[in-house]
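Just so it is clear, none of the values below were taken in a lab; they were calculated from the coordinates. All figures in this text were calculated on a predicted structure; none of them were measured in a lab. Neighbour counts run over all protein chains shown; Cβ positions are idealised from the backbone, glycine included.
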Amino acid sequence: MNPLILLFILSFLVSVDVRILSPVLPSISDSLGSTPGAAGLAMTTYSFAYGLGQLFYGPLSDRSSRIAVVRAAGIGFSALTILSALTVTTWQFIAARLLAGAFASAVIPLTLVYIGDTVEYERRQVMLGRFSVITASAMAFSASIGGTIAHFISWRLMLLGYGLLALIPLGLLWRIAPSTPTGVPDASTGFVEILRNRRAQFVYAAVFIEGSLVWGGMTYLGSFAIRRYDLDQFGVGMLIALYGIGMMAGGFLMGRIRRLLSENGLAALGGVLMGVPYLMLIPKWPPVTFAISMFLMGLGYVSLHTTLQVRGTEISSAARGKAFSLFTFTLFSGMAAGSAAFGRLVDTGRYETMFVIAGFGLIAVGLATTLSPPRPAS
């Protein structure tokens, strides 16, 4: 099979894992006898480990093979996801999720680096848009199916199921002979050298803030919907699934959108489409407002984030894996920081404050991205 197809399938399952806790967080906290804020630490530790793992996997893939690194780490991801389903205390669950995040962190970033290796710049954002359809469908799946399973059966069965499913694409990847990355003439390029690049500094700062605001807020939208609209987890899952549907729509339409808008125009539009929906959640409007907000956020995310991704793959062609590992590290560090900081607001009932910070912050990130040139000078 085509390695990219198998990487896409495995990325789907990892994307489910990355996003699955938001709609089922209330069920997990009830089952483990903790608060949503305490259980949310599982997302904080997962995100931190996911980001930190990039500093190991990216450089390693530059020296050896993207596929070889993915398939080895994938075994650990499968095992720790299954173990997460078997935990009985909050701290056991947090520890298992931390380790699962450390192994999962190889899959999606190295798939994106593989795209950077094999797809020319002019077509890369369209390909990244197609990849976002994979991650978006995982988002929709995790919100709808995950919420359904947690509501009617058990969140433990949910984790166990996709942990075992991951073994299928992994087994097929082990049948493919790994190859050394192409287009990496100088793997000796160091992190310090990359971080001295002012363009890299801007991209990393933008993706850190984006991750903290988008996913930090998304962590607690399930709890918010239950509190505001008195919904059960099934209803919340269906509504949050619209975020993934919005991402899918943006991914499918990326080719047409890029013919109409420049990279900078797309980034500005994405920031507005993510920020305004957070602000829409502040007034006590009916549940349909929540549904519309989820769809627009998803559409906005694929618009801004693919712009940052494509720029992240061009920071250093001499050490693409290492440079993109910093991109993902800053993204997930932002997610960890955002979920931890917003958790304090949520536990004191200040959802509206969280929405104001996330809303105006994302609009600012989108507009600030337009100040950066689309591609480094050759």
Q: Calculate the dipole size of the stretch 176-299 relative to its Cα centre from +1 charges on Lys and Arg beta carbons and -1 charges on Asp and Glu beta carbons; express the result in debye to the nearest 20.
A: 300
**Q.** Pairwise Cα inverse-distance average, inverted: Kirkwood Rh of the stretch 175-323 (Å)
**A.** 17.5
**Q.** Candidates per trypsin sites (Lys or Arg not before Pro) in the stretch 236-298, loop by DSSP, up to 10 other Cβ within 10 Å
**A.** Lys284
Q: Report the one residue of Phe141, Gly74, Thr35 whose Cα lies farthest in the direction of the positive end of the charge dipole of the chain (charges on C-beta: Lys and Arg +1, Asp and Glu -1; origin at the Cα centre).
A: Gly74
Q) Got a sec? Which residues in the stretch 226-247 would a label at Ile168 touch, if it sits 7 Å along Cα→Cβ and we count backbone N under 12 Å? A) none
Q) Summing -39500 (n - 2.57) over the DSSP H runs of n ≥ 4 in the chain and dividing by its residue number, what mean residue ellipticity at 222 nm do you reach, to the nearest 500 deg cm²/dmol? A) -27000 deg cm²/dmol
**Q.** Förster radius 51 Å - calculated FRET efficiency between Arg199 and Val288 (Cβ-Cβ, nearest 0.05)
**A.** 0.75
Q: Using just the alpha carbons, could you tell me how many Å³ per residue the convex hull of the stretch 56-134 encloses?
A: 95
Q. Can you name the helices of the chain, as whole DSSP H runs, whose Cα span along the helix axis is 18 Å or more and whose Kyte-Doolittle mean is not below -0.5?
A. 3-19, 41-63, 66-85, 90-104, 121-152, 198-218, 233-252, 263-280, 287-312, 320-347, 351-369
Q: Work out how far the C-alpha atoms of the chain reach from end to end along every principal axis, then list the three figures in whole Å, largest first.
A: 56, 42, 35
Q. Remind me, relative contact order of the chain in percent, using alpha carbon pairs under 8 angstrom and six or more residues apart?
A. 28
Q | Prolate/oblate/rounded call for the stretch 94-143, Cα gyration tensor, a/c under 1.5 rounded | A | oblate
**Q.** Which of Gly244, Ile257, Met297, positive extreme of dipole for the stretch 225-378 (C-beta unit charges)
**A.** Ile257
Q) Which value, in debye to the nearest 20, gives the size of the charge dipole of the chain about its Cα centre, when Lys and Arg are +1 and Asp and Glu are -1 at the Cβ? A) 420
Q) Which whole-angstrom value gives the distance between the alpha carbon centres of the stretch 71-124 and the stretch 7-34? A) 12
**Q.** Fraction in percent of alpha-carbon pairs per bin - 10 Å, the stretch 289-347
**A.** 20, 32, 34, 12, 2
Q.
With only alpha-carbon pairs counted, each pair once and no self-pairs, how large is the Kirkwood hydrodynamic radius of the stretch 1-73 in angstroms?
A. 14.3
